[in-house]
Each structure stands twice: as C-alpha cells, then as structure tokens.
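Participant: Sharing a structure below in structure tokens format, with a few things to ask.
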Amino acid sequence: MNARLKRVTLPQMLIMLFLILYALVCVLPLIMVLSASFTSESILRSQGYALIPRGVTLDAYKLLYRQSPEVISSYGLTILVTAVGTFLAVLISACTGYALANKDVYYRNALSMFLFLPTLISAGIVPWYMVNNLLGLRNNIFALIVPRLMFSVFNVFLVRNFMAALPEAMRESAKIDGANDVRIALQIYFPLSLPVLATITLFYGLNYWNDWYNCIMLVSDTKLYPLQYLLFELQSRITEARELSQIGVNIMLPGEAFKMATVVVTVGPIVLLYPFLQRYFVKGITVGAVKG
C-alpha cells in the first residue's frame, strides 16, 4: 500500500484534485435542481436556490402527478418510442456503416458522399412535412419514430470508421469459410464494434427521449403526446393561469419548483442509463472519429 502511495507524484495528485473539484462543480447544479423541486415556491422566490431544501414540500410533484393518467401513459409511450426507435436506428446505422466499410461494395465512396451532402444542403421544413404526410405519418405512433429513424450521418461515419479500422483479414477468413455478409456483420463486426454501437445508442436514445418537435409538427392527438411535450403543455398551463390571475390570492402555483420537478422526472432515466454505457463512450468516439 505504501509503495503504491509513493508512486503517486505531485502532478498526478494535482490532476486528481482538479478532477474531483471539476466533478463536484458538475454535480452541484443537479443537487440544486433536486433541492429546488422539493422547496416551497414562496421560499424559492424570496430566498433563491440552495443545496438543502427549505420549507420541504411535495407540491410540485403533486401538481405534476395530478394529471397522473396523462403523465403515466405519456411516460410509457416515451419509453416505448425511445426503445423501438433507438434499436431500429442503431441497426440501420450499423448495417450502413458495415456496407460503407466493406471494400467489396461498389461505389462505396460515392455512397458516402451521397450521405454526406444532406448535412450541407437542407431541403427545409415544407418538403419534410410533405414527405411525412405522404407516408401517412400523422397522429399515430409511427410519426414519433420514423422521422428520426432516418439515421444521423455523423453516427454512420463513426460506425464506418470504427469498422474500417478492424483487420480486413477477419472478413476474408470468414468468406473463405463460407460465411455471407449478414453472418459476418452479426457475428464478427457488430460484437467487435460494441464500443461505437453503445456510443450511438446513447446519442439516438437522447434524441428520442428529448424529442418534442415531431409531436408539434405531426401529432394533434393528446393520447400520443410524449413526455417532453406533455410537461411543456403543463408548464404552459401554469404560466397562463398566473398571467390571467385565474387562481385565488392565497394560492401560489409552484412555477419554478414545477420546472425543477419536470427536470428531475425527465432527466432521471437518462442519468441512470449513462453509467452503463460510459465505459464504451470514450473509446467509441475516439476510435470511430480518428481512424477511417
């Protein structure tokens, strides 16, 4: 134990101290948000935020779950959309990345350029809306999944670069043994590309979980409101009630506290998901972005 301690140099200790302080700085806002969600609205407005909640109350959460049927169903819908959409998007990106990394695919460089061009030139909202309308993506669950299923070019190139860095001899050996491209991709390339696949899973999962734009553009049925948009609607109702003075004099709706409660409810699942993917994240980004 003493030998290990002696090997720690002063610069290393300073770096560790800096990282600890930096981690605390990153965690403090989350603690303050959690504290504010349990703080009385009057105290929060008069005294501001604090690390330890004052005048502890559950008014913000009670107001949030007063619409419990809507919130719970919206939570379930968002989880379903995120799980299905992320799985399909990762599968499409992985297959596309494998095809672009495969030297036997004709015109793969031209296909890469074809995928890259839309990142420079956008057709705009109107053609996007017309295409979705033509596909029947209106007021159904597919309207929340399919528009974002069109994979991110950045994620595809991450996968392509990662797979291109793998030894070509593996694919050639599998070909000699009689394996086709589907088997090579599923049994060799995808398992070896787990770091980059976990990385884009996090990216796609965040996009689906935080998505509200598709709901505004393509959904008018309240039963299909995802969590982010539903909470936005609830917050808007509170703001309107305050502005129009539709509440009693002695009643104070937890506006700021309600905002913090919605942050806790929406961010919680993603915060819990990240630690499981963290060990793949850095490797997937660095290898996939540098090599190719």
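Participant: Condition check: surrounded by 18 or more Cβ atoms within 10 Å (Cβ to Cβ) and either in contact with a helix residue (DSSP H, G or I) (Cβ under 9 Å, 6 or more places away or on another chain) or more than 16 Å from Ile92 (Cα to Cα) (or both). Does Ser193 satisfy that?
Facilitator: Values: surrounded by 18 or more Cβ atoms within 10 Å (Cβ to Cβ): yes; either in contact with a helix residue (DSSP H, G or I) (Cβ under 9 Å, 6 or more places away or on another chain) or more than 16 Å from Ile92 (Cα to Cα) (or both): yes.
Yes: the conditions hold for Ser193.
Participant: Continuing with this model, one more query. If Phe162 satisfies all but one of (1) of a type in the set (Phe, Trp, Tyr); (2) touching a helix residue (DSSP H, G or I) at 6+ places or on another chain (Cβ under 7 Å); (3) within 24 Å of Val84 (Cβ to Cβ), what's the number of the condition it fails?
Facilitator: (3)
Participant: Where in region 25-139 are there helices (runs of 4 or more DSSP H), lying wholly inside it, with at least 3 residues that are out of contact with any Gly (no Cβ under 8 Å at 6 or more places or on another chain) and open to solvent by less than 40 Å² (accessible area, probe 1.4 Å)?
Facilitator: Details: elements: 41-47, 59-65, 68-101, 108-116, 125-134.
So the answer is 59-65, 68-101.
Participant: What number of residues within region 133-171 are under 18 Å from Trp212 (Cα atoms), touching a residue at least 40 places away in the same chain (Cβ under 8 Å) and not basic (Lys, Arg)?
Facilitator: Residues that pass the stated criteria total 11.
Participant: Report, by residue number, each residue of region 187-206 that is among the β-branched types (Val, Ile, Thr) and within 24 Å of Ile145 (Cβ to Cβ).
Facilitator: Residues satisfying the conditions are Val196, Thr199, Ile200, Thr201.
Participant: Mind checking which residues of region 199-238 are surrounded by fewer than 19 Cβ atoms within 10 Å (Cβ to Cβ), small (Gly, Ala, Ser) and in contact (Cβ under 8 Å) with a residue 40 or more places away in the chain?
Facilitator: Residue satisfying the conditions is Ser220 alone.
Participant: Of all residues in region 149-159, how many are under 22 Å from Val81 (Cα atoms), assigned to a helix (DSSP H, G or I) and touching a helix residue (DSSP H, G or I) at 6+ places or on another chain (Cβ under 6 Å)? Walk me through it before giving the result.
Facilitator: Step one: filter region 149-159 for residues under 22 Å from Val81 (Cα atoms), giving 149-156.
Next, from what is left, pick out any that are assigned to a helix (DSSP H, G or I): 149, 153-156.
Okay, now just the ones that are also touching a helix residue (DSSP H, G or I) at 6+ places or on another chain (Cβ under 6 Å), so 149, 153, 155-156.
Going through region 149-159 one residue at a time, the tally reaches 4.
Participant: Please work out if Leu149 is modelled with pLDDT under 85, more than 23 Å from Val71 (Cβ to Cβ), under 14 Å from the mean Cα position of the chain (by Cα) and not basic (Lys, Arg).
Facilitator: Numbers: modelled with pLDDT under 85: yes; more than 23 Å from Val71 (Cβ to Cβ): yes; under 14 Å from the mean Cα position of the chain (by Cα): yes; not basic (Lys, Arg): yes.
It is true that Leu149 is modelled with pLDDT under 85, more than 23 Å from Val71 (Cβ to Cβ), under 14 Å from the mean Cα position of the chain (by Cα) and not basic (Lys, Arg).
The values are calculated or read from the model by the stated rules, or taken from the named source; none is laboratory data. Note that the structure is predicted; figures quoted are calculated from it, not measured. Cβ sites come from the backbone with ideal geometry, for glycine too, and all protein chains shown count toward neighbours. Only protein heavy atoms, including side chains, enter the accessible area calculation; ligands, DNA and RNA are left aside. Shrake-Rupley method; radii C 1.70, N 1.55, O 1.52, S 1.80 Å.
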